[in-house]
Amino acid sequence: MSTGKRVVRNSVIMYVQLILNVLIGLVTVRLILRALGQSDYGVYDVTGGVVGLLNFITTSLAQSSMRFISVSLGKGDISDTNKVFNSCFWLHLAIAGALAFILEFAGLFLFHGFLNIPEDRVHVAKIIYHCMVVSLFLRVNISPMNALIGSFEEFWYVAFVSIMDSVLKLGIAIAITYTVGDKLLLYGFLMMGMSFVNLFLYFGYSRIKHGNVVRIRKPDFSGIKKVMGFAGWTFMDTFSSIVNRQGYAIMLNKFFGPVMNSAFALSRQLEGHMFSVSAAVVNAMKPQVMKSHGAGDDARMFRLSMTAGKFGFYMMSLIVIPLVVMMPEVLDLWLGEYPSETVTFARILMAACMVEQLTRGLVHANQAVGNIKWFSIIVSSMRILALPVSIAALLMGAEAYVAILIFLVFETIGSLCRVFILARITDFNPGHFVRDVLVQVLPPSVVALAFCYFFYHLSGGILWMCVTLVATCIVMAVIVFLFGLTREEKNFILSLVGGHINRLIKK
């Protein structure tokens, strides 16, 4: 199978996984909330939130593992890939052990006045906390195998485990609904059990399918140091995003109260779902970006990284543009009642998400090269700097939406910084980004936005919203194909469609 077809297949797999997980997840949350009740659900959430604060470490380690494994595979040296995997394995084991120790030590103090938990549920909350620590330990150790499978572009298996994970959560939700006894306690143990299932599935598949790579040897401290050094700068990038978002939530709460805080939280949920849509494309292309550098073909690496960002932007636009136009009506259908500021906040965050998406592929190119120090420092600084500037604006009497606009401005600056930093540390040409990405994405987006706005206001109602969505997607797809793709990208799409048509005719 050609590289292009493999990327398309992987993208489709990721989208199917995303859609199924979202649909199953919506039902699962509803059942769990009813089964546990608001109080116990809150206990589980606040207890898990302490452990969840360290999820950014898991994310950063997983990104680092995929980078080193993918680059090694690009070199075509299985022996080197085994050494890299071995280093990743020992690093994750050490980090997992350290995190578990820190969390268990912190647990000695958390339940004595720090966390606001009903007195009669403190004992259960402590057990749930221990279950979550075990789950985190296992999840961290799964990361190297997850990265290995992703590097081999076996996304079908990742999707299978992810969907099965969602189905099991739905099964757990149904089980605790009809359970007599302490449902919260059972829920905690069953969720921990899922982590053991995931470990078994990932380790078993990796050992059977890639036994020549998954061979655990003595720790190679030089290799571990190299991966750890890379992961350290990745921590900064991920951590800055968390500080930024949580900082904004606290800032809005202090200046305007919980209602404005609620508007920001709801807007972030929409932004998170939109980011998942584009991430399906970028993540499907990430291994090829890494392997290209490993094979010494940086020209292809840069080309793929720009294509990843551009196609992720287009896929996001198909949903974001109608959503931005119809935001009040969509929120009415979804929430019924909501803070009025949610509309403005959500629209601005949608724009910020799309701007960031344009250079998302360049992040993977930079990770492939490995020189991520200044990339992380500058982009992270831009994200964090938005917070004090927003606070200063609010102290001078600015409205809440101004703070979100400042977030958009700094997100744009940070995103564009990626282009020039990558050009500084490699032979990447910023002119190619302007020509092949910016110049090509702007006309289709503006035309589609104008069409959606005027078409939608011709009528009204839920049916017309659906018609507008379909019509905008068709218009966007046509304009993108005519004006938003390079000649090489057009030829690939034509050959792909032509190949499918020929297969159907032969059948």
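Looking only at the range 320-364, which residues are assigned to a helix (DSSP H, G or I), surrounded by fewer than 21 Cβ atoms within 10 Å (Cβ to Cβ) and at pLDDT below 85?
Within the range 320-364, VAL330, ASP332, LEU333, TRP334, LEU335 qualify.
Name the pairs: first residue in the range 466-487 and assigned to a helix (DSSP H, G or I), second residue among the hydroxyl-bearing types (Ser, Thr, Tyr), Cβ to Cβ under 8 Å, at least 6 apart or on different chains?
Cβ pairs passing all conditions: THR468/TYR456; MET476/TYR314; MET476/SER317; VAL480/TYR314.
Pick from MET260, MET326, MET251, MET306: which is closer than 29 Å to LEU20 by Cβ and among the aliphatic types (A, V, I, L, M)?
Details: MET260 fails: closer than 29 Å to LEU20 by Cβ; MET251 fails: closer than 29 Å to LEU20 by Cβ; MET306 fails: closer than 29 Å to LEU20 by Cβ.
None of the other options fit; the residue is MET326.
Each row is one residue, and each column tells you yes or no for (1) part of a helix (DSSP H, G or I); (2) free of Cβ contacts under 8 Å to residues at least 60 places away in the same chain.
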{"residue": "GLY193", "(1), (2)": "yes, yes"}
{"residue": "PHE196", "(1), (2)": "yes, yes"}
{"residue": "ASN212", "(1), (2)": "no, no"}
{"residue": "GLY223", "(1), (2)": "yes, no"}
{"residue": "ALA249", "(1), (2)": "yes, yes"}
{"residue": "LEU270", "(1), (2)": "yes, no"}
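Quick one: in the range 367-402, of everything that is surrounded by fewer than 24 Cβ atoms within 10 Å (Cβ to Cβ) and among the polar types (S, T, N, Q), which residue is modelled with the highest pLDDT?
SER381
Can you report the number of residues in the range 10-33 which are at pLDDT 75 or above and more than 21 Å from the chain's Cα centre (by Cα)?
3
Residue check: is LEU496 farther than 26 Å from VAL320 by Cα, of a type in the set (A, V, I, L, M) and either at pLDDT 90 or above or part of a helix (DSSP H, G or I) (or both)? Steps first, answer last, please.
Values: farther than 26 Å from VAL320 by Cα: yes; of a type in the set (A, V, I, L, M): yes; either at pLDDT 90 or above or part of a helix (DSSP H, G or I) (or both): yes.
Answer is yes for this residue.
Determine whether SER276 is surrounded by fewer than 22 Cβ atoms within 10 Å (Cβ to Cβ) and among the hydroxyl-bearing types (Ser, Thr, Tyr). Spell out how you get there, then give the answer.
Details: surrounded by fewer than 22 Cβ atoms within 10 Å (Cβ to Cβ): yes; among the hydroxyl-bearing types (Ser, Thr, Tyr): yes.
Here the answer is yes, as SER276 does meet what is asked.
Among PHE410, PHE454, which is the only one that is buried (at least 17 other Cβ atoms within 10 Å of the Cβ) and without any contact (Cβ under 8 Å) to a residue 60 or more places away in the chain? Can you show your working first?
On the way: PHE454 fails: buried (at least 17 other Cβ atoms within 10 Å of the Cβ).
After ruling out the rest, the residue left standing is PHE410.
The values are calculated or read from the model by the stated rules, or taken from the named source; none is laboratory data. Just so you know, these numbers come straight off a predicted model, no measurement behind them. Here the Cβ is made from the backbone with ideal geometry for all residues, glycine too, and neighbour counts use every protein chain on show.
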